[in-house]
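J.: The structure follows.
Laboratory data are not the source of any read-out in this text; all were calculated from the coordinates shown. Keep in mind it's a predicted model, so treat the numbers as computed, not measured. Every residue, glycine among them, receives a Cβ derived from its backbone with ideal geometry; neighbour counts consider all protein chains shown.
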Amino acid sequence: MNNIEPPLKYYSHSVGNTELIVDNNNISLYENGQSWMGLDLNTKWQANEFVFELSEATGVCVTTGLGLGVIQTLLVQNANVTKVIVFEKNKSVIDIFLYNIEKNNFDISKLEIINVDADNIQDIVCDCMFLDHFEHEPEHEIIDRVKKISKNNTFNLLWYWPCIRHFSVFCSTNRLEISNKSFDIWKTVNGFEKLPKELNSLQLNNIMNLRNEYYSRSQNILDFQIQNQKNKLLSLFGSKK
Ligand SMILES: C[S@@+](CC[C@H](N)C(=O)[O-])C[C@H]1O[C@@H](n2cnc3c(N)ncnc32)[C@H](O)[C@@H]1O
């Protein structure tokens, strides 16, 4: 793994129905008791899901979903990045983040936080569009939302969470190696034009490591496949009410 170090030390704090819990080496963000994200400070493997964005980021980077602000704080520290914008729908998440920013005395002068629904953003012109406001939705729904944002805005480079998971499942299901060739097939199948043309060997290695991490962590990847199959069948034959 790449050992990406999140810059903030986190402190438990809650605002309204949203709660940031720091429990030893585990940090979790909940909204109405539903988990939005976790960060395991022993391995920090979740931060490695941002390897692509962090290595390719340049100019004005638009991000969606503030969460713990891991990617946003890392991007503002990146000398190639001139401005970071984040669209976050939950005002309480923003307040919890600002509480932690103050505790850390962290400079966010390069960061603009906008409290709106990221699915509705349009006419934005930027260099990079990094989306991370999805969680438990089925794959086809996430892909449709990514495509809608891509259609409504202008940028050079796209990445979204959980595209590594989507691509890994695609490779497993179709018995393909993780490579630029399979990445190209996956992009074409989904009609993603702004995802990178090629991945370098470090990025491909990171995808393989993360795929192993997903497999070893839980049943999730299998659940993902089963859910995807169900969703495909539902979209073909409709749901029984
Ligand atoms: C997994 S967290 C993002 C993590 C963040 N990228 C980081 O590095 O810490 C997802 C965030 O997306 C936000 N969110 C969910 N749906 C949204 C939407 N439609 N528009 C904007 N933000 C949304 C949630 O409130 C949550 O803060």
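J.: Remind me, relative contact order of the chain in percent, using alpha carbon pairs under 8 angstrom and six or more residues apart?
T.: RCO, the chain: 16 percent.
J.: Looking only at E139, E102, E53, which one moves most when the chain is put into a Gaussian network model with springs between Cα atoms under 10 Å?
T.: E102
J.: Taking square-rooted eigenvalues a ≥ b ≥ c of the alpha carbon gyration tensor, is the chain rounded, prolate or oblate, where a/c under 1.5 means rounded and, failing that, a/b exceeding b/c means prolate?
T.: Here the chain falls in the rounded category.
J.: Continuing with the same structure: Just to confirm a number: summing +1 for Lys and Arg and -1 for Asp and Glu over residues other than Q122 whose beta-carbon lies under 15 angstrom from that of Q122, what do you get?
T.: That works out to +1.
J.: Express in nm, to one decimal, how much length is gained between D117 and S179 on full extension, taking 0.36 nm for each residue of separation and deducting their alpha carbon distance.
T.: 18.9 nm
J.: Within a Cβ distance under 11 Å of K197, other residues only, what is the Lys/Arg minus Asp/Glu net charge?
T.: Within the 11 Å Cβ shell, the charges total -1.
J.: Here is the link list: K44/K91; K83/K194; K89/K151. Which ones come out longer than 22 Å on Cα distance?
T.: In this structure, K44/K91 lie more than 22 Å apart at Cα.
J.: Projecting each Cα onto the charge dipole of the chain (Lys/Arg +1, Asp/Glu -1 at the beta carbon, about the Cα centre), which of N42, S14, I207 comes out farthest on the positive side?
T.: Positive-end residue among those listed: I207.
J.: Right, another one. Could you tell me which of rounded, prolate or oblate describes segment 62-116, using a ≥ b ≥ c as the square roots of the eigenvalues of the alpha-carbon gyration tensor, with rounded for a/c under 1.5 and, failing that, prolate when a/b is larger than b/c and oblate otherwise?
T.: Cα axes put segment 62-116 in the oblate bin.
J.: On to the next question. Taking the highest mean first, how do the peptides 9-22, 189-202 order by number of other beta carbon atoms within 10 angstrom per residue?
T.: 9-22, 189-202
J.: Restricting things to alpha carbons, tell me how big segment 38-157 is in terms of Rg and Dmax, in Å.
T.: 14.0, 40
J.: Just grab the label-to-label distance for S201 and N104, each label 7 Å out from Cα along the Cβ direction, in nm (one decimal).
T.: The modelled label-to-label distance comes out at 3.3 nm.
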